[in-house]
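K.L.:
Sharing a structure below in structure tokens format, with a few things to ask.
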Amino acid sequence: MATLAKVAWVHILSQTAGHQDVTFTQTVNGRGHSLKDADRILGPCLNYIPVRVQVQSSTLRVRDLLEKAQNQHTQSLRYESIECSDLGQHSTC
């Protein structure tokens, strides 16, 4: 369901902005495997990671876009606790 909502948001952003390449942030729980003593922390550990989706053509099938978004989400999980100062090193810009 999260991928479906994400792709719907990509469609809205793409149509509104008039661009086929959109970027937005995704809220993640921030209690990933690299956060030391995460089980002892009280309160939220939220982080925001960028999501970039390129809708390459109007002929792209919805299923292809869903698969692309799901694959990107899976790959981004290892960065859910990344520090903002390190974000630039992992960007595709």
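K.L.:
5 Å is the cut-off here: which amide hydrogens, built 1.01 Å from N in the peptide plane, fall below it relative to Gln26, excluding neighbours closer than 5 in sequence?
P.N.:
Excluding prolines and chain starts, which carry no amide H, the hits are Ile49, Val51.
K.L.:
Among Asp86, Asp37, what is the fewest-to-most ranking by other Cβ atoms within 10 Å? Show your work: numbers first, answer last.
P.N.:
Numbers: Asp86 9, Asp37 6.
By the 10 Å Cβ count, ascending, the order reads Asp37, Asp86.
Just so you know, all these numbers are worked out from the coordinates, no wet-lab data involved. Just so it is clear, the structure is predicted and the values come from calculations on it, not from any experiment. Virtual Cβ from ideal backbone geometry, glycine too; neighbours counted across all protein chains shown.
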